[in-house]
Amino acid sequence: MRVDANIAKFVGMDAFFSDLIEPFFRLTAAVIVGALLGLNRDLYRKPAGLRLCALVSLGACLTTLIASETPLGHTDPAAASRVMQGIVGGVGFLGAGVILHEGRENRVRNLITAATIWMSAALGIACGVGAWRIAVLGAIVGLFVLTVGLYLDRMLFGRLGAEDQPAEK
């Protein structure tokens with residue numbers, strides 16, 4: 001063991017860095033799952049893409065982590081629940097901002113993108129509380145719905161002869 005490693009241990013630096021590892025992985029995982037959903041939106045040239053979904057997921061994870069870590073050692077189990085409620089409500093407003101009404105027939109567009117933003121926040125919350133299985137499965141199922149769902153939408157609209165074709169191209 002080197003001398004500087006002994007000094008770091010003596011002053012408690014090992015404990016400091018080991019306390020940073022778990023939050024780092026949670027925040028990084030949130031960015032990754034949000035970016036995966038956002039990448040799908042970017043591929044279809046939608047208004048909310050990789051960066052927005054990654055940042056929404058990161059922000060949701062960060063606020064969940066902050067609620068979990070109380071500064072004076074006081075624990076409030078309901079704090080994380082209140083933060084999650086705030087995230088869901090706040091992200092709803094962000095999603096509403098990407099929804100557009102178009103044309104004389106007031107056709108609503110970008111609902112899938114708004115739902116993807118909301119899903120990114122939910123995945124960020126899952127990463128923030130360390131629910132890894134839920135985060136991974138949620139990301140996989142979300143990507144499945146975004147990709148296979150588009151194919152099914154197109155197939156069903158074509159067979160049913162509906163006038164209103166899906167907006168995604």
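All of the numbers you see were taken from the coordinates with simple rules; none came from a lab. The structure displayed is predicted, hence computed values, not measured ones. A quick note on method: Cβ atoms are made from the backbone with ideal geometry, for glycine too, and the neighbour counts reach across all protein chains shown.
See the values below:
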quantity	calculated
Derived scalar couplings ³J(HN,Hα) [region 131-143; Karplus, 6.51 cos²θ - 1.76 cosθ + 1.60; whole Hz; x for Gly, Pro]	8, 5, 4, 5, 5, 5, 5, x, 5, 5, 5, x, 5
Potential lengthening between THR147 and VAL88 on full extension [0.36 nm per residue; Cα-Cα distance subtracted]	18.8 nm
Backbone HN-Hα couplings from phi across region 117-125 [Karplus 6.51/-1.76/1.60, Hz, Gly and Pro as x]	4, 5, 5, 4, 5, 5, 5, x, 5
Charge sum, other residues only, whose C-beta stays under 14 Å from LEU52's C-beta, Lys/Arg counted +1 and Asp/Glu -1	+3
Sites ARG154 and PHE24 - FRET efficiency at Förster radius 35 Å, r taken between beta-carbons, to 0.05	0.30
